[in-house]
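See structure below.
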Amino acid sequence: MVSGQTQDYKEKWLLIKEASSDSAVESLVGELIEELERLAGENKRLKTALLKATTAQKPTMSTKLSEALRE
C-alpha cells in the first residue's frame, strides 16, 4: 500500500503514460512508476524498523514516535 501523496503521483504518471504516443516516454514513465512504488515500500520498511528499534530501547517513546511517523 502506498501513501496518499505517492498514490497521487502515481495517478499523474499513469495519465501521462496513457496520453503519450511516444514509446520512449511510455517506457520512461513506466519505470518512474515502478521506482515510485519501490521507494514507497522502502520508506514503509524503514519507518517500521525505526519504530521497532526505538520501542525496544525506550517503550515510553513509542507513542511519540508513532505520532511523528504518521505525519
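The values are calculated or read from the model by the stated rules, or taken from the named source; none is laboratory data. No experiment lies behind these values; they were computed from the predicted model shown. Glycine gets a Cβ as well: all are built from the backbone with ideal geometry, and neighbour counts include every protein chain shown.
Against the condition in contact with a Lys or Arg (Cβ under 7 Å, 6 or more places away or on another chain), modelled with pLDDT under 85 and of a type outside the set (Asp, Glu), how does LEU69 come out, does it pass?
Considered against the rule, which asks whether it is in contact with a Lys or Arg (Cβ under 7 Å, 6 or more places away or on another chain), modelled with pLDDT under 85 and of a type outside the set (Asp, Glu), LEU69 comes out as yes.
Can you tell me which residue is surrounded by the most Cβ atoms within 10 Å (Cβ to Cβ) among those in the stretch 1-26 that are touching a Lys or Arg at 6+ places or on another chain (Cβ under 9 Å) and of a type outside the set (Val, Ile, Thr)?
That would be GLU26.
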